[in-house]
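Below is one structure; the comments refer to it alone.
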Amino acid sequence: MSVAMLGIPAVRTRPVAVRRQSRQVMVGSVPVGGDAPVTVQSMTTTVTADVNATLQQIAELTASGCQIVRVAVPSQDDADALAVIARKSRIPVIADIHFQPKYVFAAIEAGCAAVRVNPGNIKKFDDKVGEIAKAAAEHKVPIRIGVNAGSLDPRLLQKYGKATPEALVESALWECSLFEEHGFQDIKISVKHHDPVVMIQAYRLLAARCDYPLHLGVTEAGPAFQGTVKSAVAFGALLAEGIGDTIRVSLSAPPVEEVKVGIGILESMGLRERGLEIVSCPSCGRAQVDVYTLAEQVQAGLEGLKVPLRVAVMGCVVNGPGEAREADLGVASGNGKGQIFVKGQVIKTMPESRIVETLIEEALTLAEEMGVPVDLDDDEPRPEVTVY
């Protein structure tokens, strides 16, 4: 069975907008900007100097679909660890530099795929731009100018009174101009703010004033639920206008959760091929089965199934048969039992107690017919990384 026969089309859903034309930079082997797909990033939460723990978390992020990873470099010990981490990571590593410009040079020499600098809090950063540009150009390492509302240049805070969209953009473009004076344009930019409205306005202004690739982020977005909502709203608004070349969802949660949310946003916007999709009703007084539990159990049971499969879990006869019929696989429930649909046809009726296991069995059958290896053990041991 081909992907085209499934309810999720083989051809990617048409994006909601034409992508803004930006120049392209290479972050290691990953293209960012131009006609490259929007990429998903995250950041490790380990102490970077703990090489084994950092590589282990990078391996977990890689397995979850992360394409680029950033590591913090606040100390010399962290800088000393970069060479091993950059060499052993399977995805490009970006060094995140604050306060000390010497770590920028250390990251470049260590073989990091890119360096993120925050001009607002690096001492005498403007005086070092020429040296940084020369070193980055020699090693073909792009620089991200990462402006944050919480660490805006004091001069701009005094000028604007607070971190306005205009202040964020002026900061970023000023720093870009300094690099441009030295002939360096291998740059991408972020202008992050914790307020999605301010963030959206800043990126719109920035997109209109330059052709550098843009890294989207709502900084300090908050715990998982709040941060997911903020990020989805902000990224959705900008991506719907064709703005954004790479994204990082910032959550007070394990970084793997950031990746899941980021991938979900891109899939929902038609910017990435969809994987497993659960269609389920919100339930109401018409429901005659426990829709909440069924949907959660089906999602948990199919976790890790890497196949573009739409599964409908419906609780009553109003929309249930139609949604189940349109999905690759589905159930329309009522009176403590459910009709199981496969490719639009009812194949059996099962009691509520057997709906979940039946859907999982049928999903595996569909996956095998597509030639997709079946392995639902999402908790399989990750490769242990050891430094010798």
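The values are calculated or read from the model by the stated rules, or taken from the named source; none is laboratory data. Model, not experiment: these values are computed from the prediction. Here the Cβ positions follow ideal geometry from the backbone for every residue, glycine too, while neighbour counts run over all protein chains shown. Note: areas computed on protein heavy atoms with side chains; ligands, DNA, RNA excluded. Shrake-Rupley method; radii C 1.70, N 1.55, O 1.52, S 1.80 Å.
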Residue in the range 182-195 that is open to solvent by less than 20 Å² (accessible area, probe 1.4 Å), assigned to a strand (DSSP E or B) and charged (D, E, K, R) present: yes
Output for the range 216-250, where each listed residue is farther than 22 Å from LEU152 by Cα and in contact with a Phe, Trp or Tyr (Cβ under 6 Å, 6 or more places away or on another chain): LEU238, ILE243
Scan of the range 214-243 for residues that are more than 16 Å from ARG204 (Cα to Cα) and not hydroxyl-bearing (Ser, Thr, Tyr), ordered by number: GLU220, ALA221, GLY222, PRO223, ALA224, PHE225, GLN226, GLY227, VAL229, LYS230, ALA232
Tally of residues being more than 19 Å from MET269 (Cβ to Cβ) and of a type in the set (Ser, Thr, Tyr) across the range 191-236: 2
Residue in the range 205-215 that is open to solvent by 30 Å² or more (accessible area, probe 1.4 Å), small (Gly, Ala, Ser), at pLDDT below 95 and more than 18 Å from VAL32 (Cα to Cα) present: no
Enumeration of residues in the range 68-91 that are within 16 Å of the chain's Cα centre (by Cα) and farther than 22 Å from ASN148 by Cβ: ILE91
Any hit, the range 263-284, residues being among the acidic types (Asp, Glu) and assigned to a loop (DSSP other than H, G, I, E, B): yes
Scope the range 158-179; condition surrounded by fewer than 17 Cβ atoms within 10 Å (Cβ to Cβ) and either modelled with pLDDT under 95 or not acidic (Asp, Glu) (or both); matching residues: GLN158, LYS159, TYR160, GLY161, LYS162, TRP174, SER177
Hits in the range 81-117 - residues which are surrounded by fewer than 22 Cβ atoms within 10 Å (Cβ to Cβ), assigned to a helix (DSSP H, G or I) and not hydrophobic (A, V, I, L, M, F, W, C): ARG87, LYS88, LYS102, GLU109
Total residues in the range 325-377, condition outside any strand (DSSP E or B), among the small types (Gly, Ala, Ser), at pLDDT below 90 and under 23 Å from GLY285 (Cβ atoms): 1
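Here's the yes/no breakdown for (1) polar (S, T, N, Q); (2) more than 21 Å from ALA114 (Cβ to Cβ); (3) in contact with a strand residue (DSSP E or B) (Cβ under 8 Å, 6 or more places away or on another chain):
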{"site": "PHE179", "(1), (2), (3)": "no, no, yes"}
{"site": "HIS182", "(1), (2), (3)": "no, no, no"}
{"site": "GLN185", "(1), (2), (3)": "yes, no, no"}
{"site": "VAL198", "(1), (2), (3)": "no, yes, no"}
{"site": "GLN201", "(1), (2), (3)": "yes, yes, no"}
{"site": "ALA207", "(1), (2), (3)": "no, no, yes"}
Residues of the range 28-43 that turn out to be touching a Lys or Arg at 6+ places or on another chain (Cβ under 8 Å) and either hydrophobic (A, V, I, L, M, F, W, C) or open to solvent by less than 10 Å² (accessible area, probe 1.4 Å) (or both), as a count: 7
GLU241 out of contact with any strand residue (DSSP E or B) (no Cβ under 8 Å at 6 or more places or on another chain), open to solvent by 20 Å² or more (accessible area, probe 1.4 Å) and part of a helix (DSSP H, G or I): no
Test: PRO308 is part of a helix (DSSP H, G or I), buried (at least 17 other Cβ atoms within 10 Å of the Cβ) and not aliphatic (A, V, I, L, M): no
Which numbered condition VAL298 misses (of (1) within 23 Å of GLU369 (Cβ to Cβ); (2) open to solvent by 30 Å² or more (accessible area, probe 1.4 Å)): (2)
The listed residue being in contact with a strand residue (DSSP E or B) (Cβ under 7 Å, 6 or more places away or on another chain) and without any contact (Cβ under 8 Å) to a residue 24 or more places away in the chain, out of GLN226, GLN288, GLN299: GLN299
The range 330-359 residues that are under 20 Å from GLU277 (Cβ atoms) and in contact (Cβ under 8 Å) with a residue 24 or more places away in the chain, paired with ones that are among the charged types (D, E, K, R) and outside any helix (DSSP H, G or I) (beta carbon under 7 Å, 6 or more apart): LYS343/ASP328
Residues that are in contact with a Gly (Cβ under 7 Å, 6 or more places away or on another chain) and on the phi > 0 side of the Ramachandran plot, drawn from the range 265-300: SER283
